[in-house]
């Protein structure tokens, strides 16, 4: 199992890095993939990250692609023709696609949300009119997983791991997620 987390300039660091951390804690091969010409990508809060690799045709060998939000990160992903091609390929080949925060706009641009249950960061509903917009924290419709925003990253990452058939109980316990859930 392999997960690719796509990074565009202006990505939401919390979503990209925390999700990657959780995937790797679950022992799932996860790569940060820069869509820029170089591995170094600067996030929306000016944190510079060195990706594991740069986007190339190897992306099609991954089982899951994850799109973090952030601005202008999500719009940079949406406006990149290669990313749209990747999303369409994953959708047509029944592979998992995760998009959090503003990133579901990429799915709309790829024209894969018509009639699908989706969510996003509040305020992006108008760009997701083709989908059935829900205000749930995490929404799963087939192989498309969407989530609201940075504070929901743990739920988003755990849901993806569970959909891949992994038991997250020990991971949640080790990360004190269960303690967090008790205080809610």
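Every number in this text was worked out from the coordinates using simple rules, so none of it is lab data. Predicted model only: the values in this text are computed from it and were never measured. Glycine gets a Cβ as well: all are built from the backbone with ideal geometry, and neighbour counts include every protein chain shown.
Tabulated values for the structure
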read-out: Condition check for residue 170: assigned to a loop (DSSP other than H, G, I, E, B) and surrounded by fewer than 17 Cβ atoms within 10 Å (Cβ to Cβ); value: no
read-out: Residue that is more than 25 Å from residue 154 (Cα to Cα) and in contact with a strand residue (DSSP E or B) (Cβ under 9 Å, 6 or more places away or on another chain), where the choices are 66, 49, 54; value: 54
read-out: Of all residues making up segment 78-96, the number that are more than 16 Å from residue 31 (Cβ to Cβ) and in contact with a helix residue (DSSP H, G or I) (Cβ under 7 Å, 6 or more places away or on another chain); value: 4
read-out: Check on residue 27, closer than 24 Å to residue 171 by Cα and out of contact with any strand residue (DSSP E or B) (no Cβ under 8 Å at 6 or more places or on another chain); value: yes
read-out: Those residues of segment 138-153 which are surrounded by 15 or more Cβ atoms within 10 Å (Cβ to Cβ) and more than 20 Å from residue 11 (Cβ to Cβ), in sequence order; value: 139, 140, 141, 143
read-out: Residue that is surrounded by the fewest Cβ atoms within 10 Å (Cβ to Cβ), among those in segment 57-68 that are touching a helix residue (DSSP H, G or I) at 6+ places or on another chain (Cβ under 9 Å) and either free of Cβ contacts under 8 Å to residues at least 12 places away in the same chain or outside any loop (DSSP other than H, G, I, E, B) (or both); value: 60
read-out: Residue list for segment 1-27, restricted to those being part of a loop (DSSP other than H, G, I, E, B) and surrounded by fewer than 19 Cβ atoms within 10 Å (Cβ to Cβ); value: 1, 9, 27
